[in-house]
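Q: There's a structure below that I have some questions on.
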Amino acid sequence: MPKIQLTTSINAPIEKVFDLSRSIDLHMESTKQTGEKAIAGKTSGLIELGETVTWRAKHFGIWQTLTSRITEFDQPNLFVDEMLSGAFKSFKHEHHFTALDDQTIMKDIFEFESPMGIIGKIFNKVILTSYMTKLLVKRNRVIKEVAEKL
């Protein structure tokens, strides 16, 4: 199962970074290149423990729908979202936050599994891990820019 780990230093308070990271509206802004929209469940505002969101976005030229649920929540230190249905066989995205002086260290741990056995494993290695890393880096850049402006 592929695992992507990213660490982003943000010059903003942990509470602000935590809230921006769980903002449905900011997520849509950070993924506008894919046309991503929240279409069911929590569709705007800040997502909370137990809530679901269904996203619709175009990836690899195909419109896809994915539903995830917030399965762990420890404000302002951690939240976890896990896929309920979608193109992946599974995914789990841990969002960790640590206050360090006047900064917040935001750490993403994103684990995913593609369907289709060996073909899925090859797709992960050749294309999907890089693609998902770029999406997460872009998302984190937007969170950082907004947090540091406010």
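What follows is calculated from the coordinates using simple rules that are stated; it is not laboratory data. Please read all numbers here as calculations on a predicted model, not as lab measurements. In this analysis, Cβ positions are derived from the backbone assuming ideal geometry, glycine residues included, and neighbour counts consider all displayed protein chains.
Q: Run the numbers for Ala40 and Glu72: contour at 0.36 nm per residue of separation, minus the present Cα-Cα distance, in nm.
A: Roughly 9.5 nm would be gained on extension.
Q: Now a separate question. Per the helix-only calculation at 222 nm, which mean residue ellipticity applies to the chain, given -39500 (n - 2.57) for every DSSP H run of n ≥ 4 and division by its residues, nearest 500 deg cm²/dmol?
A: Helix-only estimate at 222 nm: -8500 deg cm²/dmol.
Q: Specify whether the C-alpha gyration tensor of the chain places it in the rounded, prolate or oblate class, a ≥ b ≥ c being the square roots of the eigenvalues: rounded for a/c under 1.5, otherwise prolate if a/b is larger than b/c and oblate if not.
A: prolate
Q: Read phi for every residue in segment 25-38 and hand back ³J(HN,Hα) as whole Hz from Karplus 6.51 cos²θ - 1.76 cosθ + 1.60, θ = phi - 60°, with x for Gly and Pro.
A: Here the 3J(HN,Hα) series is 5, 5, 4, 5, 4, 6, 10, 4, 5, 9, x, 5, 9, 7 Hz.
Q: Are there any trypsin sites (Lys or Arg not before Pro) in segment 73-150 that are in a DSSP loop and have at most 16 other Cβ atoms within 10 Å? List them by number.
A: Lys89
Q: With just the Cα atoms of segment 1-81, tell me how far they stretch along each of the three principal axes, in Å, largest first.
A: The Cα atoms of segment 1-81 stretch 37, 28, 25 Å along the principal axes, largest first.
Q: Strictly over 27 Å apart at the Cα level, which of Lys42/Lys89; Lys16/Lys92; Lys42/Lys125; Lys58/Lys92; Lys16/Lys121; Lys89/Lys144 would you flag in this model?
A: Exceeds cut-off: Lys42/Lys125; Lys16/Lys121; Lys89/Lys144.
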